[in-house]
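The values are calculated or read from the model by the stated rules, or taken from the named source; none is laboratory data. What you see is a predicted model, and the numbers here were worked out from it, not measured in a lab. Backbone-built Cβ (ideal geometry, glycine too); neighbour counts: all protein chains shown. Accessible surface areas use protein heavy atoms only, side chains included; no ligands, DNA or RNA. Shrake-Rupley method; radii C 1.70, N 1.55, O 1.52, S 1.80 Å.
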Amino acid sequence: MTAEPRSAMVSLDGVRKSFGSHEVLKDINLSVAPGEVCCIIGPSGSGKSTILRCINRLVRIDGGEVTVDGLRVTDPTVKDVDLRRRVGMVFQQFNLFPHMSALRNVTLAPRKVLGLSAAEAEARALSLLGKVGLAEKAGSYPAQLSGGQQQRVAIARALALEPKVMLFDEATSALDPEITGEVLAVMRELAAEHTTMICVTHEMGFAREVGTHVVFMDGGSIVEEGPPRSVFENPQAERTKAFLSKVL
Amino acid sequence: MLAAARLDFSIVREAAPALAHGALVTAEITAAGLAGSLLVGIGGAALRTSKSRAARTAAAAFTEFFRNTPPLVHIFFAYFALPAIGINVPGIVAATTALILYQGAIAIEIIRAGLEAVPAGQLEAADALGLGGLDRFRSVVVPQALRISLPALGNNLISLFKNTSLVSAIGVLDITGVAQDVIAQRLSSAELYLTIGAFYLLSVFAFSAVLRFVESRLARYAT
Ligand SMILES: Nc1ncnc2c1ncn2[C@@H]1O[C@H](COP(=O)(O)OP(=O)(O)O)[C@@H](O)[C@H]1O
Ligand SMILES: [Mg+2]
């Protein structure tokens with residue numbers, strides 16, 4: 001294992017994906033080391049969500065290889081569940097289970113997937129809800145929570161399997177501007193704890209300050225990537241410059 | 001008013017034990033019909049939404065046939081036509097089976113719509129959490145699909161309950177059948193029809209009240 005000093009937590013090698021005749025990912029190469037916060041930016045429709053969904057097999061790739069914590073995503077002997085317990089995912093629309101309390105949203109997967117007892121799962125869920133500042137909302141149903149609270153419960157739910165990497169797909173895009181902060185604060189805290197994170201985001205401030213690596217995508221390709229300072233302050237590609245001039 | 005004055009409910013009092021037995025038969029057919037039609041509905045909806053094209057087509061054909069033909073015709077067919085091809089069953093079994101197929105065909109469409117109305121994001125969230133097919137179906141999909149389907153399933157139950165009166169057409173002694181028997185012997189009909197009408201009406205009110213209660217309990221997670 002000393003042969004590979006910085007083995008990637010997540011790597012994509014030559015990943016290709018088409019929906020029908022529409023080629024959505026064209027030869028994507030990306031490597032995310034443990035503890036890194038990789039932020040993916042780019043215009044709508046450029047393939048950012050699809051990249052995330054290839055990592056936990058919500059989307060099956062047509063070519064190339066994805067590796068997560070040493071597991072090959074294209075290997076048919078790798079079970080979905082073994083992959084997905086290593087990958088937490090947070091969605092733009094939260095996707096909390098509306099018929100379950102916040103607590104049950106968080107305990108469901110540990111009980112069913114990890115086989116924890118009800119008491120163990122509850123202890124873990126309460127500690128995670130505390131971490132996102134919602135311990136007192138454990139009994140509330142999603143409909144009784146604000147958008148920001150729902151997204152924080154969704155983060156706790158994704159953390160409950162103790163994943164190796166967290167994927168955030170525009171976690172704050174569905175929120176009113178004045179409450180994005182409470183969700184970004186939780187994400188900053190995770191980053192400070194060296195959680196490996198891949199964040200699709202339109203929050204350029206977050207990408208610049210928290211990201212260790214920034215990827216700019218357009219038209220299904222990675223146009224430019226590097227440390228935030230170089231991508232934001234010294235973009236090389238014309239398309240990056242054009243995009244940044246619009247969003248900054 | 002004159003007509004009302006001539007009503008004589010003593011005939012109902014005399015027939016009360018028979019009517020009570022008939023009501024029990026009506027309740028039994030309703031209970032069996034509810035259980036049976038829900039099973040047909042869940043199974044058929046699973047086929048209607050399955051990956052197999054043949055299964056989808058077969059379930060669709062079944063649904064279209066049974067819900068677009070009158071339940072009385074199903075009952076007559078089960079009772080008179082099946083023995084002709086060597087299948088002999090008691091009238092109550094034939095009639096209940098026919099009702100199960102008719103109300104079940106309607107339940108298939110109701111539950112299928114409920115399954116399809118569960119948002120895709122819910123399935124993705126369950127998948128992303130590693131919840132396998134059965135856990136996903138049981139813990140995430142079914143509760144939400146039934147929640148969505150509940151008002152329509154309640155209407156289907158009420159329709160089933162009223163349609164149980166059709167079994168009297170082949171001589172089954174449900175409450176309507178008993179009433180017709182008494183009427184045939186005593187040549188007096190208004191009191192008995194008023195009485196069983198009240199039975200059906202009050203029963204439907206009771207079903208509706210229970211359904212409303214369940215709905216209000218579920219409303220706390222209305223989205
Ligand atoms: N399941 C799908 N079926 C067909 N087309 C899809 C599907 N998912 C995504 N696409 C298409 O792929 C392209 C990239 O989508 P996406 O990865 O969601 O982009 P982004 O997240 O950058 O906005 C879009 O043109 C989108 O319409
Ligand atoms: Mg997207």
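Hey, can you list the DSSP H helices of chain B whose Cα span along the axis is 24 Å or longer and whose average Kyte-Doolittle score is at least -1.0? Membrane-span-like by this criterion, though nothing is claimed about a membrane: B:10-48, B:91-117, B:142-163, B:190-218.
The relative contact order of the range B:97-217 comes to 24 percent, based on Cα pairs under 8 Å that sit 6 or more residues apart. For the range B:1-84, the calculated P(r) over all alpha carbon pairs, in 10 Å bins from 0 to the bin holding the longest distance, is 14, 24, 26, 18, 11, 6, 1 percent.
Restricting attention to the range A:164-240, which GluC sites (Glu not before Pro) occupy a DSSP loop and are surrounded by at most 16 other Cβ atoms within 10 Å? In loop regions of the range A:164-240 (DSSP not H, G, I, E or B), the sparsely surrounded GluC sites (Glu not before Pro) are A:E193.
Across chain A, the relative contact order, built from alpha-carbon pairs under 8 Å that are at least six residues apart, equals 25 percent. Would you mind working out the magnitude of the charge dipole of the range B:9-134 relative to its Cα centre, with +1 at each Lys and Arg C-beta and -1 at each Asp and Glu C-beta, to the nearest 20 Debye? In debye, rounded to 20, the range B:9-134 gives about 240. With a Förster radius of 35 Å applied to the C-beta separation of B:L150 and B:A198, the computed FRET efficiency comes to 0.80. Please give the charge dipole size of chain A, origin at the Cα centre, charges +1 on K and R Cβ atoms and -1 on D and E Cβ atoms. Round to the nearest 20 debye. Here chain A has a charge dipole of around 580 debye. Here the Gaussian network model covers chain B, with springs between Cα atoms less than 10 Å apart; of B:A16, B:A169, B:A45, B:A16 fluctuates the most. Computed with a 1.4 Å probe over protein heavy atoms only, the accessible surface of the range B:1-76 comes to 60 Å² per residue. Per-residue surface analysis assigns A:H99 an accessible area of about 20 Å², computed on protein heavy atoms at 1.4 Å probe radius.
Computed on protein heavy atoms with a 1.4 Å probe, what is the summed buried accessible area for the chain pair A and B, in Å² to the nearest 100?
So the total buried area for this chain pair works out to about 1900 Å².
Mean residue ellipticity, 222 nm, helices only, the protein assembly as shown: the sum of -39500 (n - 2.57) across DSSP H runs of n ≥ 4, divided by residue count and rounded to 500, is -17000 deg cm²/dmol.
Carbon and sulfur together cover what percent of the accessible area of the range B:17-219 at a 1.4 Å probe radius? Looking at the range B:17-219 in its full context, I get 70 percent from C and S. Label point 7 Å out from B:S50 along Cα-to-Cβ: which residues of the range B:101-119 have amide N under 16 Å? The answer is B:108-109, B:112, whose backbone nitrogens lie closer than 16 Å to the label point. Of A:A33, A:A171, A:A237, the residue with the greatest mean-square motion in the GNM of chain A, using alpha carbon springs below 10 Å, is A:A237.
Across the range A:145-248, the mean sequence separation of Cα contacts (distance under 8 Å, 6 or more residues apart), normalised by length, yields a relative contact order of 20 percent.
Using R0 = 25 Å, the C-beta based FRET efficiency linking A:Q144 and B:S216 works out to 0.95. Using only alpha carbons, the protein assembly as shown has a radius of gyration to Kirkwood radius ratio (Rg to Rh) of 1.16.
Listed by chain and number, the lysines whose C-alpha is less than 23 Å from the C-alpha of A:K112, apart from same-chain residues fewer than 8 away, are A:K79, A:K131, A:K137, A:K164. Secondary structure note: in the protein assembly as shown, about 55% of the DSSP beta bridges are antiparallel. One equal scatterer on each Cα of the range B:95-202, no solvent, Debye formula: the resulting log10 I(q)/I(0) at q = 0.09, 0.18, 0.19, 0.23 Å⁻¹ is -0.41, -0.89, -0.95, -1.14. Applying 1/(1 + (r/R0)^6) with r as the Cβ-Cβ distance of A:E162 and B:S208 and R0 = 45 angstrom yields a FRET efficiency of 0.40.
Going from the chain on its own to the full set of protein chains, the range B:127-146 has these residues losing 20 Å² or more of accessible surface (heavy atoms, 1.4 Å probe, no ligands, DNA or RNA): B:D127, B:A128, B:L129, B:G130, B:L131, B:D135, B:S139, B:V140, B:Q144.
Counting only Cα atoms, the range B:143-212 measures 52, 23, 11 Å along its principal axes, largest extent leading. The C-alpha radius of gyration of the range B:17-219, expressed as a fraction of 2.2 N^0.38 Å, stands at 1.19.
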